[in-house]
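Okay, so here's the structure we're looking at.
The values are calculated or read from the model by the stated rules, or taken from the named source; none is laboratory data. The structure displayed is predicted, hence computed values, not measured ones. Here the Cβ positions follow ideal geometry from the backbone for every residue, glycine too, while neighbour counts run over all protein chains shown. Calculation scope for accessible area: heavy atoms of the full protein, side chains included, ligands and nucleic acids excluded. Shrake-Rupley method; radii C 1.70, N 1.55, O 1.52, S 1.80 Å.
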Amino acid sequence: MSMSVRVGIIGTGVMGTDHARLLSTTVAGAELTAVSDVDAQRARAVAGTLAGVRALPEPLALIGDRRVDAVLIASSDVTHEEYVLACLAAGKPVLCEKPLAPTVPGCRRILDAETAHGSRLVGVGFMRRFDPGYLQLRDALRDGRIGAALVLHCVHRNPSAPVGLPSGAVITNSAVHELDLARWLLAEEIVAVTVHTPRRARAAGATQDPQLIVLQSAGGVLVDVEVFVNARYGYDVRCELVGEEGTVTLDAPPATALRHDAVSGRRLPLDWRPRFADAYRRELQDWVDAVRAGRAWSGASAWDGYAATAAAQAGVAALESGTSQKVDLDPPPDLYA
Ligand code: ISE
């Protein structure tokens, strides 16, 4: 595809609006031509700020629109399966915000449809795979500088979460990033999940928050994830990969150091968007470049989306049962081998 990729976005909430801005102003080779949202007024408001962008009333009409070559799905999680399947039926490349689908059967239906289509059209928006810090962490493991991986320590803290957030959503909505990262960094499947529950933070109300999630990889690496979505002080995502010969640590990006009132410190972001702004830009550029070249992108595939949802559902079962849960994946079809 030598011309620009004409993109349609379904969902003009926080993420959809951010992606619309990036595709319209920053991503080379992309042209945003349409948006759609169940809240038609919200779609019109976003379209009204961007030249040449139409607000289409029906998401399925956007997928079939002749001026849409590729689709970005940023609508509510429960709609992802229907819209991804519609993109596959239309033969259009699709980038779906995580999760691919909230349930394992839903992910399997997408895998079956993409396998039947015969080529990779589906990408899943695990944007940390494009973050320069996580890429350096993976390079340090791959080039042997720290030796074989033994343990991965992760911290994932949000300043606040919606009141009444289901305890399982702490895993499926937030810690799911670490579930995907563990597979991607280690190049191994997760085979078991355990969830430990410290006392709840008062700010968490009835939500079990924080949670300490322990993953076991197929090769015996242990990954501990402290996920705390009512941490109050800021958005703070860090990790340390411990190998046989050394460690590599990912901290918040080097921000300006603040010194005042005898205190020296860094200002933290208040949510994931500024923290991963570069990752989102690189993610969208990689996707558009791949669509233009008619090839699969380098980000998470539908198989990765299935594996992340399977691990997240095992985590919810572990949280609810208080016992370790195995993660049993189907063998990957040739399309994902
Ligand atoms: C949010 O939905 C995201 O996907 C962010 O990347 C994550 O850090 C945050 O915890 C989630 O709530």
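Averaging the Cα positions of each part gives two centres, and for the range 14-38 and the range 220-293 these lie 24 Å apart. Segment ASP330..HIS260, full-extension length gain: 19.6 nm, with 0.36 nm per residue of separation and the alpha-carbon distance subtracted. The HN-Hα couplings worked out from phi for the range 155-170 by the Karplus form 6.51 cos²θ - 1.76 cosθ + 1.60 (θ = phi - 60°) are 10, 9, 10, 9, x, 7, 9, x, 4, x, 4, x, 4, x, 5, 4 Hz, whole numbers, x standing for Gly and Pro. Axis angle, to the nearest 10 degrees, between helix 132-142 and the longest C-alpha principal axis of the chain: 60 degrees.
In the frame of its principal axes, the range 236-310 has Cα extents of 56, 34, 25 Å, reported largest first.
Report, as a whole number in µm² per second, the diffusion coefficient that Stokes-Einstein gives for the range 1-131 at 20 °C and 1.002 mPa s using the Kirkwood radius over alpha carbon pairs. Translational diffusion coefficient: 146 µm²/s.
The slack between ARG108 and HIS196, meaning 0.36 nm per residue of separation minus the straight C-alpha distance, is 28.8 nm. Normalised size of the range 121-279, defined as Cα radius of gyration per 2.2 N^0.38 Å with N residues, equals 1.08. When each of the peptides 316-324, 276-284 is scored by how many other beta carbons lie within 10 Å of its residues on average, the order from highest to lowest is 276-284, 316-324.
Packing-based ranking of 263-269, 94-100 yields 94-100, 263-269, ordered from highest to lowest mean Cβ neighbour count within 10 Å.
Approximating the spin labels as points 7 Å out from Cα along Cα→Cβ, the ASP251-to-ALA187 distance works out to 3.0 nm. Averaged over its residues, the range 19-117 has an accessible area of 43 Å² per residue, based on protein heavy atoms and a 1.4 Å probe. Along the axis of the charge dipole computed for the range 1-115 (Cβ charges of +1 for Lys and Arg, -1 for Asp and Glu, origin at the Cα centre), the listed residues ALA20, ALA51, ILE63 are led at the positive end by ALA51. Ranking ALA257, GLY305, LEU212 by Cα position along the charge dipole of the range 170-311, where only Lys, Arg, Asp and Glu carry charges on their C-beta atoms, puts ALA257 farthest toward the positive end.
Size check on the chain: the Cα extents along the three principal axes, sorted descending, read 55, 52, 43 Å.
Hey, any idea what % of the chain's accessible area is carbon plus sulfur with a 1.4 Å probe?
53
Loop-located GluC sites (Glu not before Pro) in the range 238-268 (DSSP state not H, G, I, E or B) with no more than 14 neighbouring Cβ atoms inside 10 Å: GLU244, GLU245.
Taken along the Cα-to-beta-carbon direction at a fixed 7 Å, the label points for GLN41 and SER4 span 3.0 nm.
Evaluated with a Cβ-only charge set (Lys, Arg +1; Asp, Glu -1), the chain carries a dipole of roughly 900 debye about its Cα centre, given to the nearest 20. With Cα atoms defining each centre, the range 158-216 and the range 54-116 are spaced 26 Å apart in the structure.
Among residues other than THR256 with Cβ under 11 Å from its Cβ, the summed charge is +3 (Lys and Arg +1, Asp and Glu -1). How large is Rg/Rh for the range 1-49, to two decimals, with Cα atoms and a Kirkwood Rh? Rg divided by Rh gives 0.98. Across the range 70-141, the convex hull enclosing all Cα atoms gives 108 Å³ per residue.
Say the dipole of the range 3-99 comes from +1 at the beta carbon of Lys and Arg and -1 at that of Asp and Glu; which of PRO99, SER75, GLY8 then lies farthest toward its positive end? After comparing all options, I get GLY8. Surface exposure of the range 173-277, expressed per residue as accessible area with a 1.4 Å probe, stands at 51 Å². Beyond 22 Å, the tail of the calculated P(r) for the range 61-180 holds 49 percent of the Cα pairs. In sequence order, the range 3-8 has phi-based couplings of 6, 5, 7, 8, 9, x Hz under the Karplus curve 6.51 cos²θ - 1.76 cosθ + 1.60, θ = phi - 60°, and Gly or Pro positions carry x.
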